[in-house]
Amino acid sequence: MNFFLVFENYFEIKPFISNLETEKISNKLFLYKKNNINYYLFVNKTEGPLNLLDSLYFLKKEYKIDFIINLGIAGSIQKNLEKNRVYSIKTVTNINLNETKVLRPPIDTDIVLDQERDLLTVLYLQKGNKKKWKYFGDLVDMEGYFVAFFCDKYSIPLMILKSVSDYNDNINKSDNLEAANALYNYFVSNISYFQELGRGKYSLEIYKHIDFSLKNISDVNKLSSYLSSNKFSFTERNQIYNKIKINYNKSINNYFNNKKVLKDEKKNKNKGFLFIEENIKNKKRYTEKFSGYETVTVENYLDYFQYKIKRNYSNIFIANKKGSVIKHKPPKYGRKEFINVSVTNGYNCPFNCSYCYLKGWFRSDDIVIFANKEYIWSRMKKFIQNHEDKKIIFYFGDFCDALAFDKITENVKYFSEKIKDIKNVLIEFRTKSINYSHLIDMDLASNIIIAYSITPQKIITRNEKNTANLKQRLQALRALNDSNKTISVHFDPIIYYENYYKDYKSIIKKISNIIDEKNLFSISVGVLRMPKKVYKTIKNNEPTSVLKDLKKEKSMYRYSKKLRDNIYDKIKNELMKNFNENKIYICMD
Ligand code: SF4
């Protein structure tokens, strides 16, 4: 097997060629052989990214490249990272830090060792370690992205190891040499893992599909032997990789022991930044509510709400919405007699349901809360004036959950005041959240609708883990009904499983005993569907069994027409036994 160690600078490769018994192939390429592995050491001699890419293309023509490790020094923009310590890179992004602009989206590496960090590759020296930059990554270099780009293009497994030479401020030669020595020592102390990696026929392929640490190499090799002795085809192997990701929580041992485990989505992400735009009023309200986040004041949230790079961090943006706020809903959405329009009051949602259409909608999954209610209301008012005498429903919560942060934003209270005397206009706040208690004693206008999406507990456990459970949602409906709020219920999305009908039947019965007819505004029925882009994002990033029965139909993935019609018939019939038919509608089909 041929493993290529790629260095940009000569001082970085020097400890390797001085201490290892290498054979010189050219003045840029050396070979070190150990048992079954040829380690080719290539140095770009500080000739920059274009030459580096050129050389890699050339090497690929000359040699079979099984694996590339980019090794080098990097500046740290995190003060808490140690100098001369080696970090394994998880993602690498091409960025202009001075202009806060992501130039090319992040690329994931395939194999990590330990101490995972995110790398930023800049095109020219950009000194400093501004607090805001930490949002994008931890370490800065000038070549990592280009190696990753090459590996990505040719599907070559990649590892990046960076040794911290400085804090991206005062770069000097002796620091560089120490960091380069640290890199060599780190490589040598971990060489047994690389040797093991060369043993498994499919080990590199496994790493390409499932992101394990190299320290898991014995499990990976065990899986490789199993695949090899059973002579599984490429497609069969891919199915096994997907199974390990979806059903076995990325554990090879669980797979062999047939111990199915759902992905631990509840595991908290690290709290990252609370970005607040500088002209937001009453910033304290947000800093107090989101304590634990590092607060940074910025001019425009869009400079940061770009690509999500550090995926194990959750960040929050408090911003003012600019531009358009109102968008017509697609045809067949909502009750026919109304103009149905959505209002943008935030982006993304903390609940992370496995089928959520927001996955892949934005480049980042960070949460954005729009604080300028006055502006949002001014746009709604204009819409109302332009549609005088028409019945309108504004929907909050299209790009977020409408109640998840309502205790902070107080949107329901504010907009209730605004529309209480405009009888042809309603506003619906749609949620799966437990945050409704603050509404109970509020004197809400009757044209404010609080809407709950309802799914059986089986689906909540499997696909909506961070939301309110079924019991809590039914309790919410009861409390809202008993305090005379206007309510809608959405059986949307219905996710098909063998006994779904029995579960829905029982839920419908319970709800009919909870909500008084006078408080019910509507009940919708919708079956799981998602745009192609969302389907692909879920399939690539977090494959889940929820995608199983979906088929492509025009630009959407849906269940077959036969299955959908069957679901609609059964659920609608059940609803009609318990509720007024005029309030029931099928959504978007
Ligand atoms: S509650 Fe709604 S918006 Fe939030 S993750 Fe789930 S499906 Fe998406």
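Please find, within the range 461-476, the residue that is farthest from the ligand (Cβ to nearest atom) out of those that are over 17 Å from Thr544 (Cβ atoms) and surrounded by 23 or more Cβ atoms within 10 Å (Cβ to Cβ). Restricting to residues being over 17 Å from Thr544 (Cβ atoms) and surrounded by 23 or more Cβ atoms within 10 Å (Cβ to Cβ), the top hit is Ala476.
Table: residues versus (1) closer than 24 Å to Lys79 by Cα; (2) open to solvent by 60 Å² or more (accessible area, probe 1.4 Å); (3) in contact with a Gly (Cβ under 9 Å, 6 or more places away or on another chain); (4) not assigned by TED's automatic domain parsing to the domain that holds Lys34.
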| position | (1), (2), (3), (4) |
| --- | --- |
| Lys162 | yes, no, yes, no |
| Asp166 | yes, no, yes, no |
| Leu177 | yes, yes, no, no |
| Ala182 | yes, no, no, no |
| Tyr186 | yes, no, no, no |
| Tyr193 | no, yes, no, no |
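From the list Asn38, Asn70, the lone residue that is open to solvent by less than 10 Å² (accessible area, probe 1.4 Å), modelled with pLDDT of 95 or more and not in a loop (DSSP other than H, G, I, E, B) is Asn70.
Each residue in the range 123-155 was checked for being over 24 Å from the mean Cα position of the chain (by Cα), under 28 Å from Ile65 (Cβ atoms) and outside any helix (DSSP H, G or I), and 4 of them qualify. Looking at this structure, is Arg430 open to solvent by 30 Å² or more (accessible area, probe 1.4 Å), within 10 Å of the ligand (Cβ to nearest atom), under 21 Å from Val527 (Cα atoms) and assigned by TED's automatic domain parsing to the domain that holds Cys356? Yes. Selection of the range 263-313 for residues being closer than 30 Å to Asn469 by Cβ, polar (S, T, N, Q) and at pLDDT 85 or above yields only Ser291.
Kindly indicate which of Lys502, Lys533, Lys562 is exposed (fewer than 15 other Cβ atoms within 10 Å of the Cβ) and touching a Gly at 6+ places or on another chain (Cβ under 6 Å).
Working: Lys502 fails: touching a Gly at 6+ places or on another chain (Cβ under 6 Å); Lys562 fails: touching a Gly at 6+ places or on another chain (Cβ under 6 Å).
Exactly one residue qualifies, and that residue is Lys533.
Applying a threshold of 9 Å to beta carbon distances and a minimum spacing of six or more residues, or different chains, the list of pairs starting in the range 552-565 at a residue that is within 17 Å of Cys587 (Cβ to Cβ) and assigned by TED's automatic domain parsing to the domain that holds Tyr496 and ending at one that is part of a helix (DSSP H, G or I) and open to solvent by less than 40 Å² (accessible area, probe 1.4 Å) reads Met556/Tyr535; Tyr557/Val534; Tyr557/Tyr535; Tyr557/Leu547; Arg558/Arg564; Tyr559/Ile567. Sort out which residues of the range 433-460 are away from the ligand (no atom under 16 Å from the Cβ) and either among the hydroxyl-bearing types (Ser, Thr, Tyr) or surrounded by 15 or more Cβ atoms within 10 Å (Cβ to Cβ) (or both), and write them in order of number. Correct list: Ser437, Leu439, Leu444, Ala445, Ser446, Asn447, Ile448, Ile449. Among the residues of the range 290-325, those that are in a strand (DSSP E or B) and open to solvent by 20 Å² or more (accessible area, probe 1.4 Å) comprise Glu294, Thr295, Thr297, Tyr313, Ser314.
Inside the range 234-263, can you point out the residues that are among the aromatic types (Phe, Trp, Tyr) and either surrounded by fewer than 12 Cβ atoms within 10 Å (Cβ to Cβ) or in contact with a Phe, Trp or Tyr (Cβ under 7 Å, 6 or more places away or on another chain) (or both)? Selection gives Phe234, Tyr248, Tyr255. Using beta carbons and a limit of 7 Å, which pairs, at least six apart or on different chains, have the first residue in the range 419-445 and free of Cβ contacts under 8 Å to residues at least 40 places away in the same chain and the second one open to solvent by 10 Å² or more (accessible area, probe 1.4 Å) and assigned to a helix (DSSP H, G or I)? Note: pairs meeting the criteria are Ile422/Ile384; Asn435/Lys407; His438/Lys407; Met442/Lys413. When we screen Glu99, Glu116 for residues that are touching a Ser or Thr at 6+ places or on another chain (Cβ under 7 Å) and open to solvent by 20 Å² or more (accessible area, probe 1.4 Å), the only hit is Glu116. Elements of the type strands (runs of 3 or more DSSP E) sitting completely within the range 326-421 and holding at least 3 residues that are over 27 Å from the mean Cα position of the chain (by Cα), within 16 Å of the ligand (Cβ to nearest atom) and modelled with pLDDT of 90 or more: there are none. Using beta carbons and a limit of 9 Å, which pairs, at least six apart or on different chains, have the first residue in the range 334-359 and farther than 30 Å from His387 by Cα and assigned by TED's automatic domain parsing to the domain that holds Lys391 and the second one assigned to a strand (DSSP E or B) and not basic (Lys, Arg)? Close Cβ pairs satisfying both conditions: Cys349/Ile367; Pro350/Ser314; Pro350/Ile367; Tyr355/Pro493; Tyr355/Met530; Cys356/Met530; Lys359/Met530.
For the range 468-491, a residue qualifies if it is part of a helix (DSSP H, G or I) and under 23 Å from Gly334 (Cβ atoms), and the qualifying residues are Arg473, Ala476, Leu477, Leu480, Asn481. Any residue at all in the range 218-229 that's open to solvent by less than 20 Å² (accessible area, probe 1.4 Å) and in contact (Cβ under 8 Å) with a residue 40 or more places away in the chain? The answer is no; no qualifying residue exists.
The values are calculated or read from the model by the stated rules, or taken from the named source; none is laboratory data. All values derive from a computational prediction rather than experimental measurement. Every residue, glycine as well, gets a Cβ built from its backbone with ideal geometry; the counts of neighbours run over all protein chains shown. For the accessible areas, the whole protein counts, side chains as well, though only heavy atoms, and no ligand, DNA or RNA atoms are used. Shrake-Rupley method; radii C 1.70, N 1.55, O 1.52, S 1.80 Å.
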